[in-house]
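Working notes for the structure below.
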Amino acid sequence: MARRHVTEEAPEIAIPVTPMLDMTFQLLTFFIFTYHPLSVVEGQMDFTLPATGDAKARTQDQVDPDRPSDTDLSPKGALTVTIKAQPGSPPTGEIGHIKVQMPNGGRELSFNQPEELANYLKTIRDTKDLENKNDIQIQADSALKYARVIRVIDLCRSAKFEGIGFAPPEEQGAAKQ
């Protein structure tokens with residue numbers, strides 16, 4: 001008996017491309033609409049940081065955290081703005097009191113609102129009382145919210161103070177001594 005070889009043709013399969021393209025364009029549109037580049041969300045803040053200087057310790061074991069710093073980090077002739085948090089338990093993180101200290105032990109002024117500070121900084125910047133008209137130092141309580149400190153930084157920038165430095169909070173400075 002002779003074998004017959006029967007060949008059957010396979011049915012042609014049609015892949016629907018249109019729904020897949022529709023879904024791909026919908027996903028692409030979703031990602032384009034929800035994409036937020038970091039440069040828009042995050043801001044850039046310029047700070048005046050202390051110079052690194054020469055390292056005194058060669059290894060981590062040689063570092064003495066109780067030793068006071070031997071370099072003066074505060075800019076010469078700069079105003080010092082001290083921001084106190086509102087008292088309370090638990091702390092709210094809001095600004096309670098603002099104090100401005102003139103350089104070299106000069107007069108001290110107090111403010112209750114950041115807007116009062118902004119007006120004063122704009123007027124004092126143009127007077128002859130300041131030797132260094134570009135630098136300002138901020139000393140903020142550790143209980144303050146960062147947004148409140150950033151608000152004061154923005155007020156200093158709007159008053160044309162370009163060199164903004166930071167001092168440790170008073171409670172931290174008192175604890176070290």
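A few remarks follow.
- Checked against (1) modelled with pLDDT of 70 or more; (2) under 30 Å from Ala143 (Cα atoms); (3) of a type in the set (Ser, Thr, Tyr), Thr52 passes all but condition (1).
- Residue in segment 59-85 that is modelled with the lowest pLDDT, counting only those that are in a strand (DSSP E or B) and under 16 Å from Gln137 (Cβ atoms): Leu79
- Within segment 116-166, the set of residues being over 28 Å from Pro91 (Cα atoms) and assigned to a helix (DSSP H, G or I) comprises Lys122, Thr123, Ile124, Arg125, Ser158.
- Pairs where the first residue, in segment 86-109, is surrounded by 16 or more Cβ atoms within 10 Å (Cβ to Cβ) and in a loop (DSSP other than H, G, I, E, B) and the second is β-branched (Val, Ile, Thr) and at pLDDT below 75, C-beta under 8 Å, 6+ apart: none
- For segment 1-36, the set of residues classified as of a type in the set (Ser, Thr, Tyr) and loosely packed, with under 10 Cβ neighbours inside 10 Å consists of Thr7, Thr18, Thr34, Tyr35, listed by residue number.
The values are calculated or read from the model by the stated rules, or taken from the named source; none is laboratory data. In this text the structure is predicted, and so the values were computed from the model without any measurement. Using ideal geometry, Cβ is built from the backbone for each residue, glycine included, and neighbour counts are taken over all protein chains shown.
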